[in-house]
Amino acid sequence: MEPGPPSDRTQVKRHPERGAYDRDTIDAVLDEALICHVAYVVDGRPTIIPTIHARAGDTLYIHGSQASRTIRALRAGTAVCVEVTLLDGLVLARSTPKHSMNYRSVVIYGVAREVTDPKEKFQAQNAVVEHVVPGRLADARLPSDKELQETAILAISLDEASAKVRTGPPKDDEDDYGLPVWAGVLPLRTVPGEPDPDPRLPDGIEPPGYVTDYRRGSRNP
Ligand SMILES: Cc1cc2nc3c(=O)[nH]c(=O)nc-3n(C[C@H](O)[C@H](O)[C@H](O)COP(=O)(O)OP(=O)(O)OC[C@H]3O[C@@H](n4cnc5c(N)ncnc54)[C@H](O)[C@@H]3O)c2cc1C
């Protein structure tokens with residue numbers, strides 16, 4: 001997909017060469033990340049809340065209780081900024097100031113739209129589950145009308161978004177390359193542990209393949 005031009009506020013100014021605005025880059029980060037952080041101003045104070053998201057096409061969905069302060073603030077039309085980060089590695093340089101991290105991150109600006117159409121709401125709710133555990137929708141009970149009513153879903157357009165990506169080894173000062181100090185990248189990955197069955201699980205229900213073979217992202221083992 002061709003990159004769209006960044007807006008005044010999505011133009012990456014610090015290390016602009018790391019900025020990306022094409023939807024392929026942005027979507028890949030949103031789809032791999034399990035959580036996002038939602039920032040907004042409430043009662044004149046900045047607030048940031050971690051939550052689960054899902055992307056469907058040009059829209060990022062978040063869901064929550066109707067009583068959630070975040071949901072109430074966003075449905076009132078408050079400007080919102082959403083951030084997502086994937087941490088790919090620790091970058092150990094020869095000098096302390098040059099230490100860094102390899103990452104892929106996304107920042108989205110917008111105003112949320114409350115999803116009221118029952119079909120879109122149903123699909124968005126299911127998309128959140130499928131985003132976290134692909135394959136789960138085929139097994140788990142789907143939401144009832146009452147459960148859907150108890151849940152609020154907000155949609156945020158991806159029209160104004162930026163990605164920033166750092167890759168590669170440390171960037172040391174030329175004079176430091178001769179120092180007898182180990183330098184390089186320590187990759188970090190999201191790797192699942194052993195599935196831990198619910199104590200109330202009846203005998204004979206084995207963990208499905210999407211649990212035993214769970215992987216997060218193309219870079220993870
Ligand atoms: C895991 C991680 C660790 C980091 N550690 C540091 C650190 O220690 N020190 C440091 O200075 N910076 C760090 N950064 C980079 C940081 O996110 C900012 O990009 C940087 O600090 C510049 O901030 P700024 O406000 O000057 O950005 P500007 O370049 O002025 O931001 C302008 C616009 O660029 C976009 N943008 C900026 N940063 C990002 C981003 N990370 N992802 C997506 N879009 C972005 C946004 O749309 C923003 O509105 C880190 C990033 C990550 C993901």
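How much mean residue ellipticity at 222 nm does the chain get from its helices, if each DSSP H run of length 4 or more adds -39500 (n - 2.57) and you divide by all residues, to the nearest 500 deg cm²/dmol?
-5000 deg cm²/dmol
Which of the listed residues, P118, V80, A54, is farthest toward the dipole's positive end in the range 49-139, when Lys, Arg count +1 and Asp, Glu count -1 at the beta-carbon?
The residue sitting farthest along the positive end of the dipole is V80.
In degrees between 0 and 90, to the nearest 10, how far off the longest principal axis of the chain does helix 23-32 point, with axes built from Cα atoms?
70
Determine ³J(HN,Hα), in whole Hz, for all residues of the range 170-177 in sequence, where each value follows from phi through the Karplus function 6.51 cos²θ - 1.76 cosθ + 1.60 and θ = phi - 60°; x replaces Gly and Pro.
x, 10, 7, 5, 3, 5, 8, 5
Students often check this: by mean Cβ neighbours within 10 Å, which of 55-62, 102-109 ranks highest, and how do the rest follow? Display every interim value, and only then the final one.
Numbers: 55-62: 19.0, 102-109: 20.5.
Ranked from most to least packed, the peptides come out as 102-109, 55-62.
Mind jotting down the distance between the C-alpha centroids of the range 111-157 and the range 175-215, whole Å?
After rounding, the separation between the Cα centres reads 27 Å.
Take each of the peptides 8-17, 82-91, 44-53, average the number of other beta-carbon atoms within 10 Å over its residues, and list them starting from the highest. All intermediate terms of the calculation are to be shown ahead of the outcome.
On the way: 8-17: 10.4, 82-91: 19.0, 44-53: 13.0.
Peptide ranking by packing, descending: 82-91, 44-53, 8-17.
Pull up the cross-link candidates among the lysines for K119, meaning alpha carbon to alpha carbon under 22 Å and not fewer than 8 places away within one chain.
Result set, ordered by chain and number: K146.
Residue by residue, what Karplus-based ³J(HN,Hα) values in Hz, rounded to whole numbers, does the range 205-210 have, using 6.51, -1.76 and 1.60 with θ = phi - 60° and x for Gly and Pro?
9, 8, x, x, x, 5
Give me the base-10 log of I(q)/I(0) for the range 100-221 at each q in 0.19 Å⁻¹, Debye formula, one uniform scatterer per Cα, rounded to two decimals.
For the range 100-221, the Cα-only Debye profile gives -1.20.
Given just the C-alpha atoms of the chain, how large is their convex hull per residue in cubic angstrom?
For the chain, the hull spanned by Cα atoms encloses 182 Å³ per residue.
Can you give me the long-range amide H partners of N102? Hydrogens built in the peptide plane at 1.01 Å from N, cutoff under 5 Å, separation of 5 or more residues or another chain.
The answer is D88, G89, L90, V91.
Run the dipole for the chain about the Cα centre, Lys and Arg Cβ at +1, Asp and Glu Cβ at -1, nothing else charged, and hand back the magnitude in debye, nearest 20.
On the way: 27 positive and 33 negative charges, 111 e Å.
Taking the Cα centre of the chain as origin, the dipole is about 540 debye.
Can you tell me the orientation of helix 118-132 relative to the chain, as the angle in degrees between its alpha-carbon axis and the longest Cα principal axis, to the nearest 10?
It is inclined by approximately 40 degrees.
Using the Karplus curve 6.51 cos²θ - 1.76 cosθ + 1.60 with θ = phi - 60°, work out ³J(HN,Hα) for each residue of the range 152-163 in order, rounded to whole Hz, and write x for Gly and Pro.
Values, residue by residue: 9, 10, 10, 10, 10, 5, 8, 4, 10, 9, 9, 10 Hz.
Just check the range 1-68 against the gyration tensor rule for me: Cα atoms, a ≥ b ≥ c as the square roots of the eigenvalues, rounded for a/c under 1.5, and otherwise prolate or oblate depending on whether a/b exceeds b/c.
Verdict is oblate for the range 1-68.
Every number here is computed from the coordinates shown, using simple stated rules; none is lab data. Treat the numbers as computed from the prediction; the structure is a model and nothing was measured. We place every Cβ from the backbone using ideal geometry, glycine too, and count neighbours over all the protein chains shown.
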